[in-house]
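Participant: The structure under discussion is supplied below as structure tokens; questions concerning it will follow.
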């Protein structure tokens, strides 16, 4: 049984640590989901398994231009790379493909928005090892948050390997005397141990804040709190979609526009990545995986 360190308890807070560990224990002993087996069988019966696997490995480099009114002039053109929903152990080939794609990406800082493991309730040593193999290719000081497939016990090994995990915390990036804040919250979908106020505590009013949240389900609260940019994943953009990318299964309780790509809530800009990996089955249809570079621009 995992015993969190005093430092970890202090960072997330004793109540949230207790709540998260209790939920983790329930998920660990819960029934294995049959959705993956059904998906595999369905793809085989339809003769689409080969195509789905090819699309799974067709990781695309996507650029998204974001105009932020509060962005300091020093950060105009800043390139923020986002990876999400790797589910690294679903197929070890994926990490090799991602590393290949990263060789062609230009970015100033990398962020990861959760779900490094595939099936909850199964050992995560392989997914941890594969994720750590990716870290040296993410540039200096990459930042991350946990997703609904990630257990708290992974935080310290990930950080020891060079990936800083934000647990309702923030980090300032400084450039030419100006600051851009990257704030990160714990998972709001399954564990519900997120705290958007704590994530931006101490940040002076008016300074630009980017929120990393595994799921877009925090969008309304983030907009109300004045965040400038909200980056998330979790939905996989549907993963197995109808032609044209039409989503069949929703994985988040949000309006359809928030399930994939750019969106806006109030004055806040948002983006939900289709995901870099896949969940359950190493396959995608009409929904290519992505590594996203958000190019920040001043208004």
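The values are calculated or read from the model by the stated rules, or taken from the named source; none is laboratory data. Model, not experiment: these values are computed from the prediction. Using ideal geometry, Cβ is built from the backbone for each residue, glycine included, and neighbour counts are taken over all protein chains shown.
Participant: Just the residues that are surrounded by fewer than 16 Cβ atoms within 10 Å (Cβ to Cβ) and either in contact with a strand residue (DSSP E or B) (Cβ under 9 Å, 6 or more places away or on another chain) or touching a residue at least 60 places away in the same chain (Cβ under 8 Å) (or both), please, taken from the range 135-146.
Facilitator: If the condition is that a residue be surrounded by fewer than 16 Cβ atoms within 10 Å (Cβ to Cβ) and either in contact with a strand residue (DSSP E or B) (Cβ under 9 Å, 6 or more places away or on another chain) or touching a residue at least 60 places away in the same chain (Cβ under 8 Å) (or both), then 139, 140, 141 are the ones that fit.
Participant: Look at residue 187 and say whether it is more than 22 Å from residue 66 (Cβ to Cβ), within 18 Å of the chain's Cα centre (by Cα), modelled with pLDDT of 95 or more and buried (at least 21 other Cβ atoms within 10 Å of the Cβ).
Facilitator: Details: more than 22 Å from residue 66 (Cβ to Cβ): yes; within 18 Å of the chain's Cα centre (by Cα): yes; modelled with pLDDT of 95 or more: yes; buried (at least 21 other Cβ atoms within 10 Å of the Cβ): yes.
Yes.
Participant: If you don't mind, there's one more thing I want to ask. Which one of these is in contact (Cβ under 8 Å) with a residue 12 or more places away in the chain and closer than 23 Å to residue 51 by Cβ: 206, 237, 233, 226?
Facilitator: 237
Participant: Can you pull out the strands (runs of 3 or more DSSP E) entirely within the range 199-299 that have at least 2 residues that are in contact with a strand residue (DSSP E or B) (Cβ under 9 Å, 6 or more places away or on another chain) and buried (at least 23 other Cβ atoms within 10 Å of the Cβ)?
Facilitator: Counting at least 2 such residues, we get 209-212, 229-232, 268-272, 290-298.
Participant: Can you tell me which residue within the range 109-124, out of those that are buried (at least 18 other Cβ atoms within 10 Å of the Cβ), part of a loop (DSSP other than H, G, I, E, B) and free of Cβ contacts under 8 Å to residues at least 60 places away in the same chain, is nearest to the chain's Cα centre (by Cα)?
Facilitator: Top of the filtered list is 116.
Participant: Still on this structure, I have one more. In the range 60-94, how many residues are closer than 19 Å to residue 275 by Cα and buried (at least 20 other Cβ atoms within 10 Å of the Cβ)?
Facilitator: Adding up the residues that qualify gives 13.
Participant: Does the range 147-162 hold any residues that are without any contact (Cβ under 8 Å) to a residue 60 or more places away in the chain, part of a loop (DSSP other than H, G, I, E, B) and at negative phi, and which are they?
Facilitator: Let us first name the residues in the range 147-162 that are without any contact (Cβ under 8 Å) to a residue 60 or more places away in the chain, namely 150, 154, 157-162.
Right, trim to part of a loop (DSSP other than H, G, I, E, B) and you get 150, 161-162.
Once the filter is applied, which keeps residues that are without any contact (Cβ under 8 Å) to a residue 60 or more places away in the chain, part of a loop (DSSP other than H, G, I, E, B) and at negative phi, the range 147-162 yields 150, 161.
Participant: While we're here: Residue check: is residue 4 modelled with pLDDT of 90 or more and more than 24 Å from the chain's Cα centre (by Cα)?
Facilitator: The answer is no for residue 4.
Participant: How many of the residues making up the range 84-107 are outside any loop (DSSP other than H, G, I, E, B) and without any contact (Cβ under 8 Å) to a residue 60 or more places away in the chain?
Facilitator: 7
Participant: Return the residues of the range 71-97 that are under 17 Å from residue 284 (Cβ atoms) and touching a strand residue (DSSP E or B) at 6+ places or on another chain (Cβ under 7 Å); say none if nothing qualifies.
Facilitator: Answer for the range 71-97, where residues must be under 17 Å from residue 284 (Cβ atoms) and touching a strand residue (DSSP E or B) at 6+ places or on another chain (Cβ under 7 Å): 83, 84.
Participant: Taking the range 163-184, which residues are outside any loop (DSSP other than H, G, I, E, B) and either more than 14 Å from the chain's Cα centre (by Cα) or farther than 20 Å from residue 217 by Cβ (or both)?
Facilitator: 164, 169, 170, 171, 172, 173, 174, 175, 178, 179, 180, 181
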